[in-house]
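The values are calculated or read from the model by the stated rules, or taken from the named source; none is laboratory data. If you're wondering where the values come from, they're calculated on a predicted model, not measured in any experiment. Cβ placement follows ideal geometry from the backbone for every residue including glycine, while neighbour counts extend to all protein chains displayed.
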Amino acid sequence: MSAPTAEERKVCWGARDKYWQCLDENGDDFTKCQRLQSFFESSCPQQWVKYFEKRRDYLKYKEKFEAGEFQPSETTRKS
């Protein structure tokens with residue numbers, strides 16, 4: 001696989017940003033953002049999609065943790 005061009009990266013990041021914005025506006029309801037998700041996944045290399053999904057999960061976790069909203073699971077409390 002060759003590296004994406006500057007234009008391809010711009011399209012990928014734009015698609016990601018619009019998809020994430022849709023998720024934020026709809027309380028992470030994926031059903032309301034399916035069209036944007038499909039465009040995002042078709043605009044970016046698969047490795048990038050996986051990375052961005054993990055990144056979003058991490059950023060959401062971090063946001064909850066910093067706001068004091070994170071609740072450890074039952075198994076974590078027992079450790």
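Can you say whether R55 is of a type in the set (K, R) and either in contact (Cβ under 8 Å) with a residue 24 or more places away in the chain or not in a helix (DSSP H, G or I) (or both), as far as the supplied structure shows?
Considered against the rule, which asks whether it is of a type in the set (K, R) and either in contact (Cβ under 8 Å) with a residue 24 or more places away in the chain or not in a helix (DSSP H, G or I) (or both), R55 comes out as no.
Does the stretch 33-48 hold any residues that are surrounded by 14 or more Cβ atoms within 10 Å (Cβ to Cβ) and not aliphatic (A, V, I, L, M), and which are they?
Listed by number, the residues that qualify are C33, Q37, F39, F40, E41, S43, C44, P45, W48.
For T75, which of the numbered conditions (1) at pLDDT 85 or above; (2) part of a helix (DSSP H, G or I) fails to hold?
Going through the list (1) at pLDDT 85 or above; (2) part of a helix (DSSP H, G or I), T75 breaks only (1).
If I filter the stretch 3-32 down to residues being in a helix (DSSP H, G or I) and of a type in the set (G, A, S), which single residue comes out as surrounded by the fewest Cβ atoms within 10 Å (Cβ to Cβ)?
My answer is A6.
When the residues of the stretch 1-40 are filtered to those that are under 11 Å from the mean Cα position of the chain (by Cα) and of a type in the set (D, E, K, R), which remaining residue is modelled with the lowest pLDDT?
Checking each candidate, the answer is D28.
Answer yes or no: is there a residue in the stretch 10-19 that is closer than 17 Å to L59 by Cβ and either touching a strand residue (DSSP E or B) at 6+ places or on another chain (Cβ under 9 Å) or among the acidic types (D, E) (or both).
Scanning the stretch 10-19 turns up at least one residue that is closer than 17 Å to L59 by Cβ and either touching a strand residue (DSSP E or B) at 6+ places or on another chain (Cβ under 9 Å) or among the acidic types (D, E) (or both).
Which of the numbered conditions does A67 fail, given that it passes all the others? Conditions: (1) in contact with a Cys (Cβ under 6 Å, 6 or more places away or on another chain); (2) exposed (fewer than 10 other Cβ atoms within 10 Å of the Cβ); (3) hydrophobic (A, V, I, L, M, F, W, C).
All conditions pass for A67, except number (1).
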